[in-house]
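What follows is a short report on a single structure.
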Amino acid sequence: MSTLVIVIIVLALVFDYINGFHDAANSIATVVSTKVLTPLQAVLWAALFNSVAFFIFKDHAVANTIAKTVIDNYITLPVILAGLVAAIFWNLLTWWFGIPSSSSHTLIGGFAGAALAHAYFVKGWVPFSDVVEMDKITKTVYFILLAPLIGMVISIFITVVTIKRNVYGRLLLILMSAVGLWFLFGTYRQAKLEENVAKFYKVDKYKKELAHNPGDSKIAEKLEKADSNFNLSKPFLKSFDSDGSTKVAGEIAAVVDLQYIENDKVKTIVSKKLKIDQLKKSAFYDASILPKLNVAKSTLEECAPIIGNYHIAGVDSTASALSLKLGLDKVGDFEKFKKSLKIDAKSDLAKELDRADNRILLYCIFCVIGIFMLSYIYCELIQKPTANRMVNMFKKLQLLSSAAFSIGHGGNDAQKVMGIIGAALIADNYISEFSELPDWVPVACYMAIGLGTMSGGWKIIKTMGTKITKVTPLEGVSAETAGAITLFMTEQMGIPVSTTHTITGSIIGVGATKRLSAVRWGVTRNLLVAWIITIPVSALVAGLCYLILILFGIK
């Protein structure tokens with residue numbers, strides 16, 4: 001691991017820490033403004049549940065989206081460094097002025113802006129769509145408006161249901177909503193299962209390769225095989241909930257050809273040893289590297305018969321034959337190499353399926369819904385409902401709703417830094433793809449955001465908790481629950497949304513249920529301006545940071 005990568009990892013965790021105290025307001029503004037918790041209690045509460053998110057979110061889809069925002073050829077360590085510096089600068093600036101801007105969009109804007117500056121510096125004018133993945137940027141931009149709107153609509157619905165006088169009608173609506181969420185998250189699970197299986201067979205990868213090399217029969221053959229495997233696998237995914245990942249993976253392995261997957265993994269390991277991806281990226285900028293790349297490709301071709309014989313020869317013979325071709329004469333290198341060749345495609349498929357399992361998240365949602373329903377039953381049917389008793393009930397429920405929102409915040413925002421660290425490790429050839437992300441990365445990211453949240457963000461808490469609209473415990477519960485549901489939904493879709501935008505929209509929603517004039521639209525308008533300029537300003541600052549790095553000889 002190079003020194004620059006270590007610097008990037010440290011800065012990424014610093015950004016994650018800043019993100020924690022910058023966005024602490026999102027998790028605790030309402031619970032502080034309603035005086036349910038003191039500021040110190042609130043930040044400790046939020047930090048705890050930021051960290052709990054690590055045990056709930058398995059797939060890290062948001063992190064994967066962030067890592068692939070920029071096209072591979074333009075992801076270099078200086079690009080990532082410049083993007084991080086710009087993101088940290090904008091986060092600190094907006095925190096100082098008490099503006100609840102989006103840390104997510106700051107990071108995305110910085111990453112894209114630095115990549116564009118890099119592309120212009122080395123290649124001249126390059127179309128925007130050739131540098132960044134437009135579908136990922138487009139989704140992110142759409143959700144600048146959609147995330148707060150979704151949060152607002154859900155918070156209005158929750159508030160209207162909550163103030164409904166007929167308690168039986170209220171319970172029925174909550175029960176119907178729970179059924180709707182069950183089907184919604186079940187749909188997400190099935191879609192994610194199919195997406196992960198397609199990723200496992202590398203369907204999209206081969207499609208992209210074939211698009212760039214239309215006449216390549218080898219890639220066309222691989223794509224046909226991957227498509228065939230994917231279509232054969234789909235029927236088995238329907239029994240995932242009842243059978244589990246291991247059994248489903250075993251059933252799939254019995255009807256599809258997984259040998260080519262294992263062979264492809266061996267080929268990837270050999271390719272990594274030959275530094276082919278690194279040489280390709282270098283040759284993209286410097287034609288003098290082409291001879292080295294061609295030698296490496298030639299060696300890989302010589303290894304092809306050995307790789308193709310992997311299932312017959314076994315791990316030991318394959319490792320010995322490949323080590324002669326690769327020149328692995330050191331005992332330690334050979335043993336490490338041989339260990340890496342112990343591949344079990346069926347087990348890998350089971351792990352890929354298991355990442356799509358969102359039932360823990362769904363059970364947590366149902367647990368919250370159940371507590372809400374029991375609270376209403378106790379306070380309004382068993383006990384005599386009084387104004388004081390209802391206020392106390394909502395204060396207690398706000399602890400639950402703020403915890404749920406903190407989990408969504410941790411799961412969404414910590415993953416964005418994981419994506420940046422993953423991109424840096426890939427650019428440094430420490431790992432070959434995002435699925436190989438070391439376990440310490442998510443642990444470090446969740447810890448950093450939790451510690452950041454413990455530091456608080458009092459300037460932004462004032463804006464979020466009091467300046468937009470005055471929030472009561474009932475409205476705090478509605479806003480935080482709506483924000484949590486929105487974050488859970490978008491995380492399942494792999495879309496990096498802003499927790500700031502989401503909770504702001506939710507707070508506006510609860511304010512609007514009283515009367516439109518209850519919302520201070522002047523403050524809201526200023527927030528909207530900050531949201532819109534975050535990505536372009538971050539991109540511009542990142543571009544300048546990249547040029548400064550170039551001036552100092554960091555390329």
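Assorted remarks:
- Unique match (being aromatic (Phe, Trp, Tyr) and either surrounded by 16 or more Cβ atoms within 10 Å (Cβ to Cβ) or closer than 26 Å to Lys395 by Cα (or both)) among Tyr142, Tyr168: Tyr168
- For the stretch 425-436, the condition holds for no residue, the condition being that it is assigned to a helix (DSSP H, G or I) and closer than 23 Å to Trp182 by Cα.
- Looking across the stretch 183-212, the residues that are aliphatic (A, V, I, L, M) and over 19 Å from the mean Cα position of the chain (by Cα) come down to Leu184, Val203, Leu210, Ala211.
- Residue under evaluation Gly410, criteria (1) closer than 23 Å to Phe488 by Cα; (2) free of Cβ contacts under 8 Å to residues at least 60 places away in the same chain, criterion not met: (2)
- When Leu324, Leu381, Leu279, Leu328 are screened for being at pLDDT below 85, part of a loop (DSSP other than H, G, I, E, B) and either outside the structural domain of Tyr168 (by TED's automatic domain parsing) or farther than 30 Å from Tyr188 by Cβ (or both), only Leu328 passes.
- In the stretch 237-247, residue farthest from Lys346 (Cα to Cα) [restricted to those that are within 27 Å of the chain's Cα centre (by Cα) and assigned to a helix (DSSP H, G or I)]: Asp241
- Answer residue from the stretch 248-260, given it is part of a helix (DSSP H, G or I) and at pLDDT below 85 and is surrounded by the fewest Cβ atoms within 10 Å (Cβ to Cβ) among those: Gln259
- Exclusive hit being assigned to a loop (DSSP other than H, G, I, E, B) and either of a type in the set (Ser, Thr, Tyr) or in contact (Cβ under 8 Å) with a residue 12 or more places away in the chain (or both), set Ile343, Ile360, Ile369, Ile307: Ile343
- Filter pass, Tyr188 being without any contact (Cβ under 8 Å) to a residue 60 or more places away in the chain and among the aromatic types (Phe, Trp, Tyr): no
The values are calculated or read from the model by the stated rules, or taken from the named source; none is laboratory data. All of these numbers come straight from a predicted model, not from anything done at the bench. With ideal geometry, Cβ positions are generated from the backbone for all residues, glycine too; neighbour counts draw on all protein chains shown.
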